[in-house]
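Since the structure comes first, as structure tokens, the remarks are kept for the end.
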């Protein structure tokens, strides 16, 4: 079934319409809630002040004391790109600020599970307990792990951005913009963003203590390439503050100042640093870092991002690239199985409002990607389950949602209704995870579907594709494509512009195995080269078609031209 085409409303914003912006770009900004030029000012000076973030005083006191005592600090990261970049920012930043004994530990998904678990703490203590343990991108829901670390004699600083449980961990300090009562204006910081803010506050704390009298302060802006990568890869909404952070990071990368690890990842991804976009971070660089945590050990990703040796970084990036190739193969096999399961369900009738999918041999590191792919196909929340470990009686689920269905709230209500059914859970509105006993899978599947039938408006389950409207034929040119590229960063909650129009298919052919290359003629008869990735289903488009597309800059042998990146097409 073709998704319903919807066009974004464009409010009248005179300040934008009368500006020097490309008129199409001005209308795109207005449709995304931009009402003044100030919202387009992405200079670092426009970043929200660190002082507004709660918990920083206690956190800085812990870190300052650890630095002054030459204490051992252990950063505990997470096995996704946000956690890896956050750990790298913490490691690099604390060393810049004077900490001499800093190390990083990342949980192994298969061995330790998510976050600061008691299993991970036991391994840390066995290797020699640190004086201060700092979590990045996790910890807020790790009550047993924090307690175990405290009992082992560690002080604990939790930095996180996930929604907190009703009871907070017994940490010595917590920094999380989503704590109840926290006054930080932006609740959208990624874990790496929270750590960057903490480092800024720590530098100010050390400055006030006279640490930089007679010498220059460390330049923490050198960490912004990592902040940009983690922020985009974690799919947090790009509110103004996050756009400032991402824009600053991209500026460093484009200017040739990326750290060795990111530079190597850009190289193995066959991207050009000088023209890198937020989309490249999200779809090319981030997945290569994530692949390590999904299939192997995220230590490879963290080592790459912490390396200052270009040769060593390139070797690590090459390994990450190979892991990512393997990940794509595993993912495709799992998606094929999931699509077969969905097709079987559709034969039996209408799909339930929430899908729960599970195969015994699925890899726990890839279920989030499977949930995301199937969610896009069926436009409803999807839970993908895999065994927590070989021989384990526990299932882990990764879930993805659609706008209008708050996943974590839905899971929390089910947990209240049926205590004991869910062992652990956490997450956000659009992404969440949980664990349950394998014997409870059928019970959970029925219960979550029944709850969703009560709580979810069926209208939000109708597939839609959004457009910024039609373009005049004369607007489809290189100037517009360049303006759209430069007008970002685009991302979650600030989506890349795409348009709709009616074209005639002049020619179409299969490229690779699943891509469709086309030549499309607009209403004026002007022909445009176009590409639709992964769109081949056995037949090629012909005749008049409605196309949803993005004008992009295509570079070939030094020549720049406009090309249409097709997101959706169907017969007119």
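As a calculated quantity, the FRET efficiency between residue 572 and residue 493 at R0 = 35 Å, using C-beta atoms, amounts to about 0.65.
Here segment 364-391 is scanned for amide nitrogen atoms under 17 Å from the site 7 Å beyond the Cα of residue 337 along Cα-to-Cβ, giving 364-375, 383-391. For segment 105-234, the spread of Cα coordinates along the three principal axes comes to 44, 31, 28 Å, biggest extent given first.
Going by Cα centres, segment 219-241 and segment 1-44 are how many Å apart? About 23 Å separates the Cα centre of segment 219-241 from the one of segment 1-44. Annotation: extensible slack from residue 539 through residue 409 equals 42.6 nm (criterion: 0.36 nm per residue apart, minus Cα-Cα distance).
Once the Cα atoms are used to define both axes, helix 81-96 deviates from the longest principal axis of the chain by about 50 degrees. Report P(r) for segment 350-462: all Cα-Cα distances, bin width 5 Å, range 0 to the bin holding the largest distance, values in whole percent. Here the calculated profile for segment 350-462 is 2, 13, 26, 27, 20, 9, 2, 0, 0. From the largest down, segment 467-571 spans 36, 33, 30 angstrom on the principal axes of its Cα atoms. Ellipticity at 222 nm from helices only: DSSP H runs of n ≥ 4 in the chain, each -39500 (n - 2.57), divided by the residue count, give -12000 deg cm²/dmol.
Relative to the longest principal axis of the Cα atoms of the chain, helix 191-208 runs at roughly 50 degrees. For the chain, find the longest principal axis of its Cα atoms and tell me its angle to the long axis of helix 224-233, 0 to 90°, nearest 10. Its long axis makes an angle of about 60 degrees. Paramagnetic label reach from residue 472 (point 7 Å along Cα→Cβ; backbone nitrogen cut-off under 12 Å): within segment 7-28, residues 23-24. For segment 1-102, the Kirkwood hydrodynamic radius from C-alpha pairs, put into Stokes-Einstein at 25 °C and a viscosity of 0.890 mPa s, yields a diffusion coefficient of 135 µm² per second. Mean sequence separation of contacting Cα pairs (under 8 Å, at least six apart), scaled by the length of the chain, corresponds to a relative contact order of 12 percent.
Peptides 360-373, 138-151 ordered by packing proxy, namely the average of other Cβ atoms within 10 Å per residue, highest first: 138-151, 360-373.
Stokes-Einstein diffusion for segment 242-289, with the hydrodynamic radius set to the Kirkwood value over Cα pairs and evaluated at 10 °C in a medium of 1.306 mPa s, equals 150 µm²/s.
Equivalent ellipsoid semi-axes for segment 201-258, as square roots of 5 times the alpha carbon gyration tensor eigenvalues: give them largest first, rounded to whole Å.
On the way: eigenvalues 144, 42, 13 Å².
Here the semi-axes work out to 27, 14, 8 Å.
Rounded to whole Å and sorted largest first, what semi-axes of the equivalent ellipsoid does the C-alpha gyration tensor of segment 307-366 yield via the square root of 5 times each eigenvalue? Intermediate results must be reported in sequence, preceding the final value.
Details: eigenvalues 288, 21, 15 Å².
Working through the eigenvalues yields semi-axes of 38, 10, 9 Å.
Relative to the 2.2 N^0.38 Å rule of thumb, segment 494-547 has a C-alpha radius of gyration ratio of 1.17. Note on residue 350 and residue 322: the model spin-label points, each 7 Å out from Cα along the C-beta direction, lie 5.1 nm apart.
In this rough spin-label picture, where each label sits 7 Å from Cα along the Cβ direction, the residue 555-residue 5 distance is 3.2 nm. Working note: Cα atoms of segment 396-542, range along each principal axis, descending, whole Å: 63, 35, 26.
Report the convex hull volume per residue for the chain, counting only C-alpha atoms, in Å³.
Working: hull volume 95.3 nm³, N = 572.
Per-residue hull volume (Cα only) is 167 Å³.
Taking 7 Å steps out from each Cα toward its Cβ at residue 101 and residue 208 produces label points 2.7 nm apart. Highest-first packing order for the peptide set 120-132, 76-88 is 76-88, 120-132, based on the mean count of other beta carbon atoms within 10 Å.
Each reported figure results from applying straightforward, stated rules to the coordinates on display, with no laboratory input. The model shown is predicted, which means the values in this text are computed figures rather than measured ones. As a convention, Cβ positions derive from the backbone with ideal geometry for all residues, glycine included, and neighbour counts pool all protein chains shown.
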